[in-house]
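In what follows, a structure is listed as structure tokens, so that the remarks can point back to it.
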Amino acid sequence: MQVREDYGDGFEDDAPGIFYPSKRRLNFAVPRELRDEFEEALTCFEAKAYRATLVMVRRTLEGTCKDQGAGKRTLAENLRELQTQGKIDGLLADWADLLRVVGNKGAHFTGEAVSAQDAKDALDFAEAFLDHLYVLRARFDEFKSRQSKKANP
């Protein structure tokens, strides 16, 4: 993004100031390996490599399942296992499954273009998925523990 201001002498004497938006960062509660995968997905998106973005989002999901202890053969089975274990609810399971399906478009040749919007949505939902598992669940558990201590001193 460029910013220019006219201080009375016109824009010709004012070099534009270049300001880049800050890069999206995941919470440090998300394991380093998963943050690396997600950051590579962001790099792919910024390079307009939308298929590659989807592949990296899928890899992020696969790594998350492994980190959460799901040890099935396929990503679909691992996501169902996380749901069965109560680590993700129905809505998050739907998000994750759709990310898995969209990730297939990046990983397997379909002849189909991947839009920037699909890649951006995949990044947004993957970020929410990681936040839910690693940040919000831990914060809720801490909150619940504090409330329980207050109720039962």
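The values are calculated or read from the model by the stated rules, or taken from the named source; none is laboratory data. Keep in mind it's a predicted model, so treat the numbers as computed, not measured. Backbone-built Cβ (ideal geometry, glycine too); neighbour counts: all protein chains shown.
State which residue pairs qualify: first residue within 23 Å of ALA119 (Cβ to Cβ) and in contact (Cβ under 8 Å) with a residue 40 or more places away in the chain and inside segment 51-79, second residue outside any helix (DSSP H, G or I) and of a type in the set (A, V, I, L, M) in any location, beta carbons under 8 Å apart, and separation of 6 or more residues or different chains.
Short answer, once both residue conditions are applied: ARG51/VAL114; THR53/VAL114; LEU54/VAL114.
Quick check on my filter: what residues within segment 125-153 are acidic (Asp, Glu) and surrounded by 13 or more Cβ atoms within 10 Å (Cβ to Cβ)? Let's see the steps before the verdict.
Pass one, segment 125-153, residues acidic (Asp, Glu): 127, 131, 141-142.
Passing the criteria: GLU127, ASP131.
Looking at (1) among the aliphatic types (A, V, I, L, M); (2) at pLDDT below 60; (3) within 20 Å of GLY103 (Cα to Cα), find the lone condition where LEU34 falls short.
With respect to (1) among the aliphatic types (A, V, I, L, M); (2) at pLDDT below 60; (3) within 20 Å of GLY103 (Cα to Cα), LEU34 is out only on (2).
Every residue, every condition in (1) at pLDDT 95 or above; (2) among the charged types (D, E, K, R); (3) over 19 Å from HIS108 (Cα atoms), yes or no:
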{"residue": "MET56", "(1), (2), (3)": "yes, no, no"}
{"residue": "GLN68", "(1), (2), (3)": "yes, no, yes"}
{"residue": "ARG80", "(1), (2), (3)": "no, yes, yes"}
{"residue": "LYS87", "(1), (2), (3)": "no, yes, yes"}
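Which of the residues spanning segment 120-153 are among the hydrophobic types (A, V, I, L, M, F, W, C) and more than 11 Å from the chain's Cα centre (by Cα)? Steps first, please.
Residues of segment 120-153 that are among the hydrophobic types (A, V, I, L, M, F, W, C), as a first pass: 122-123, 125-126, 128-130, 133, 135-136, 138, 140, 143, 151.
The answer is LEU133, VAL135, LEU136, ALA138, PHE140, PHE143, ALA151.
From GLN85, GLN117, grab the single residue that is among the polar types (S, T, N, Q), under 24 Å from ARG24 (Cβ atoms) and surrounded by fewer than 17 Cβ atoms within 10 Å (Cβ to Cβ). Working first, answer last.
Values: GLN85 fails: under 24 Å from ARG24 (Cβ atoms).
The unique qualifying residue is GLN117.
Can you pull out every residue in segment 88-114 that is among the aromatic types (Phe, Trp, Tyr) and surrounded by 10 or more Cβ atoms within 10 Å (Cβ to Cβ)? So that I can check it myself, show each step before the final result.
As a first pass, look at segment 88-114 and keep what is among the aromatic types (Phe, Trp, Tyr): 95, 109.
The one that is among the aromatic types (Phe, Trp, Tyr) and surrounded by 10 or more Cβ atoms within 10 Å (Cβ to Cβ): TRP95.
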